[in-house]
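Asks: The structure is given below, and queries will be raised subsequently.
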Amino acid sequence: MSLEVGAAIPEFSLKDKDGKKITVPKDLEGNAAVLFFYPKNFTPGCTREACSFRDAFQDFTDLGVKVIGISSDSESSHQKFTNKFELPYTLLSDSKNKVRKLFGVKNKMLGLLPGRETFVFDSNGKLVYKFESLDATPHIKKSLAFLQKNQ
């Protein structure tokens, strides 16, 4: 079952591109956060989504929002992806899909493709908005518009 609006952010720990363990919600330091789950580094849709979050990163930062991307890619793949596209936010490696399951993000296309879903949490760690679409384009616009309207 997918995480529903009003739910608390689940606690989890994953490693970033440098092998540093990040623990959520502790490492959010009381900030609002956008966590986006995406299928795979270096694919066209995921690259478009990652770069769109990069291009809007300052808008999220100005609102006091941390941005975190999560996929099953390895730490080294995240490092290459981050370096190639100059991504200023954290990417976490969920290689065993434990966090994806914790959030209830389901596979798509007959179970062949990991789902793409974005979760917006307020500074108290409460889920205030979520959006699911295999189309990468609307995730950034919808989450940023929600945050700007509700700040």
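Asks: Residues of the stretch 43-54 being farther than 17 Å from Phe121 by Cβ and either in contact (Cβ under 8 Å) with a residue 12 or more places away in the chain or hydroxyl-bearing (Ser, Thr, Tyr) (or both), which ones? Quick ask: steps written out before the conclusion?
Replies: Let us first name the residues in the stretch 43-54 that are farther than 17 Å from Phe121 by Cβ, namely 43-52, 54.
Answer for the stretch 43-54, where residues must be farther than 17 Å from Phe121 by Cβ and either in contact (Cβ under 8 Å) with a residue 12 or more places away in the chain or hydroxyl-bearing (Ser, Thr, Tyr) (or both): Thr43, Gly45, Cys46, Thr47, Arg48, Glu49, Ala50, Cys51, Ser52, Arg54.
Asks: Looking only at the stretch 56-81, filter to residues that are more than 15 Å from the chain's Cα centre (by Cα) and over 20 Å from Leu14 (Cβ atoms); which one of those is surrounded by the most Cβ atoms within 10 Å (Cβ to Cβ)?
Replies: Result: Leu63.
Asks: Asn150 is checked against (1) under 19 Å from Val5 (Cβ atoms); (2) surrounded by 20 or more Cβ atoms within 10 Å (Cβ to Cβ); (3) modelled with pLDDT under 95 and fails just one. What number does that condition carry?
Replies: If we test Asn150 against (1) under 19 Å from Val5 (Cβ atoms); (2) surrounded by 20 or more Cβ atoms within 10 Å (Cβ to Cβ); (3) modelled with pLDDT under 95, just (2) comes out false.
Asks: From the list Gly125, Gly104, exactly one residue is over 14 Å from the mean Cα position of the chain (by Cα), under 19 Å from Glu11 (Cβ atoms) and surrounded by 14 or more Cβ atoms within 10 Å (Cβ to Cβ). Which is it?
Replies: Gly125
Asks: Hey, another quick one. For the structure I just gave you, tell me whether Lys15 is part of a strand (DSSP E or B) and surrounded by fewer than 20 Cβ atoms within 10 Å (Cβ to Cβ).
Replies: yes
Asks: Got a number for residues in the stretch 18-39 being in a helix (DSSP H, G or I) and free of Cβ contacts under 8 Å to residues at least 24 places away in the same chain?
Replies: Total meeting the criteria: 2.
Asks: Could you check the stretch 133-145 and list, in sequence order, the residues that are surrounded by fewer than 16 Cβ atoms within 10 Å (Cβ to Cβ) and over 16 Å from Asp59 (Cα atoms)?
Replies: Result: Ser133, Leu134, Asp135, Thr137.
The values are calculated or read from the model by the stated rules, or taken from the named source; none is laboratory data. In this text the structure is predicted, and so the values were computed from the model without any measurement. So basically every Cβ, Gly included, is an ideal-geometry build from the backbone, and we count neighbours across all protein chains shown.
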